[in-house]
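Right, one structure below, let's go through it.
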Amino acid sequence: MLIRILGAAAGGGFPQWNCSCRNCADVRAGKPGLRARTQCSLAVSANGSDWVLLNTAPDLRQQINETPELGARADGGLRNSPIKAAVLTGGDVDFIAGLLNLRELQPFSVYGSARVLATLKENSVFNVLDAKVVERRELPLGSAIAIEGAGRDTGLVIEAFAVPGKIALYLESGAAGDNYGSRDGDAIGLKVSAPATGKSFFYVPGCAVVDEELAGRLRGARLVFFDGTLYTDDEMIRQGLMQKTGQRMGHISISGPEGSIAAFEPLGVERKIYVHINNSNPVLDETSPERRATEAAGWEVGLDGMEIRL
Ligand SMILES: [Zn+2]
């Protein structure tokens with residue numbers, strides 16, 4: 001199995017277009033130790049020729065152009081694409097907007113929970129993906145399904161499972177007590193397996209807390225890509241960027257007794273990589289003490305273009 005990080009940043013990317021926080025200003029100025037990142041997406045292939053996207057960021061066109069394996073083949077006919085499917089883990093703009101880059105009548109499949117598929121249906125702009133060409137398939141929670149697209153079995157099997165989290169910001173309704181209208185399955189994680197080799201990994205880009213159930217799933221995993229949005233719960237408030245904590249946004253922090261470093265400590269996960277990293281996060285600065293602490297705890301900080309073979 002081949003895995004490429006197409007984008008490792010959270011919504012807004014790094015730098016974010018309208019942000020002049022220290023990280024964004026420093027990366028724009030070319031300060032050593034900081035590298036730009038596009039928004040959160042992975043590409044996976046079991047056979048090296050058919051690819052499945054895990055989330056489709058608004059930056060997808062750029063990501064495809066920077067990843068030769070995902071481009072049209074010179075010997076594949078006038079119109080062709082190795083991208084056979086896109087699997088969505090939520091309705092957030094940074095997870096679904098990239099679908100709009102995939103118009104032009106190219107067959108592939110879109111997988112999402114019933115709630116995410118309903119969001120696509122309600123927003124008519126997604127009809128640029130003609131349903132007769134681009135199949136929309138429901139991703140059930142808690143059962144593994146073979147991922148197919150454009151008449152191909154990709155050789156990948158994906159199990160989606162609900163994780164503690166929150167509905168996309170623009171879909172919020174109700175009050176805090178109702179978790180802003182969130183329902184089971186608005187935040188999901190994926191277990192991606194290649195039955196031919198028996199290898200598997202987890203992708204959990206948005207998660208509010210590592211509860212018993214999630215801990216049980218991840219225990220002893222070979223590889224986990226995990227929500228690295230914020231280093232501390234109140235960092236966006238302290239930096240004057242936004243009056244919201246990470247918890248309010250449905251994201252666990254990296255640090256602290258309730259954070260993901262602590263939560264993963266007893267799980268024995270072989271390789272742990274943060275993705276969905278917000279531009280305010282000090283781990284983006286390779287010279288920061290927070291980055292050193294994160295790496296000392298056995299975590300890697302995801303970077304666009306990173307490739308992993310399982
Ligand atoms: Zn910023």
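Residue count for the range 117-141 satisfying the condition of being closer than 25 Å to Pro195 by Cβ and either part of a helix (DSSP H, G or I) or touching a strand residue (DSSP E or B) at 6+ places or on another chain (Cβ under 6 Å) (or both): 5. Under the condition of being away from the ligand (no atom under 16 Å from the Cβ) and either without any contact (Cβ under 8 Å) to a residue 12 or more places away in the chain or buried (at least 18 other Cβ atoms within 10 Å of the Cβ) (or both), the residues counted in the range 268-290 number 6. Residues in the range 256-265 that are touching a residue at least 40 places away in the same chain (Cβ under 8 Å) and surrounded by fewer than 23 Cβ atoms within 10 Å (Cβ to Cβ): 3 in all.
Exactly one residue out of Gly12, Gly33, Gly48 is away from the ligand (no atom under 16 Å from the Cβ) and either in a loop (DSSP other than H, G, I, E, B) or at pLDDT 95 or above (or both): that is Gly48.
Cβ separations smaller than 8 Å between residues 6+ apart or across chains give the following pairs from the range 11-25 residues that are in contact (Cβ under 8 Å) with a residue 12 or more places away in the chain and under 16 Å from Pro58 (Cβ atoms) to residues that are near the ligand (Cβ under 6 Å from one of its atoms) and assigned to a loop (DSSP other than H, G, I, E, B): Gly12/Cys19; Gly12/Asn279; Gly13/Asn279; Phe14/Asn279; Pro15/Asn279; Gln16/Asn279; Cys19/Asn279.
Screening Asp92 with (1) of a type in the set (Asp, Glu); (2) surrounded by fewer than 18 Cβ atoms within 10 Å (Cβ to Cβ); (3) on the phi < 0 side of the Ramachandran plot gives one miss only, at (2).
Looking at the range 58-73, is at least one residue under 20 Å from Met236 (Cβ atoms), of a type outside the set (Lys, Arg), away from the ligand (no atom under 11 Å from the Cβ) and crowded, with 18+ Cβ neighbours inside 10 Å? No.
Residues in the range 234-256 that are touching a helix residue (DSSP H, G or I) at 6+ places or on another chain (Cβ under 6 Å) and either part of a strand (DSSP E or B) or away from the ligand (no atom under 16 Å from the Cβ) (or both): 2 in all.
Residue by residue, here is whether (1) out of contact with any strand residue (DSSP E or B) (no Cβ under 6 Å at 6 or more places or on another chain); (2) at pLDDT 95 or above; (3) farther than 14 Å from Lys84 by Cβ; (4) among the polar types (S, T, N, Q) holds:
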residue: Ala146; (1), (2), (3), (4): no, yes, no, no
residue: Gly151; (1), (2), (3), (4): yes, no, no, no
residue: Leu156; (1), (2), (3), (4): no, yes, no, no
residue: Ala160; (1), (2), (3), (4): no, yes, yes, no
residue: Leu169; (1), (2), (3), (4): yes, no, yes, no
residue: Ser182; (1), (2), (3), (4): yes, no, yes, yes
residue: Thr197; (1), (2), (3), (4): yes, yes, yes, yes
residue: Ser200; (1), (2), (3), (4): no, yes, yes, yes
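Please go through the range 15-30 and pick out each residue that is under 21 Å from Glu290 (Cβ atoms), assigned to a loop (DSSP other than H, G, I, E, B) and within 10 Å of the ligand (Cβ to nearest atom). Scanning the range 15-30 gives Pro15, Gln16, Cys19, Ser20, Cys21.
More than 15 Å from the chain's Cα centre (by Cα) and either within 16 Å of the ligand (Cβ to nearest atom) or closer than 25 Å to Met1 by Cβ (or both): does that describe Leu230? No; evaluated as a whole, the condition is false for this residue.
The values are calculated or read from the model by the stated rules, or taken from the named source; none is laboratory data. Bear in mind that the values here come from a model prediction, so they are computed numbers and not experimental data. As a convention, Cβ positions derive from the backbone with ideal geometry for all residues, glycine included, and neighbour counts pool all protein chains shown.
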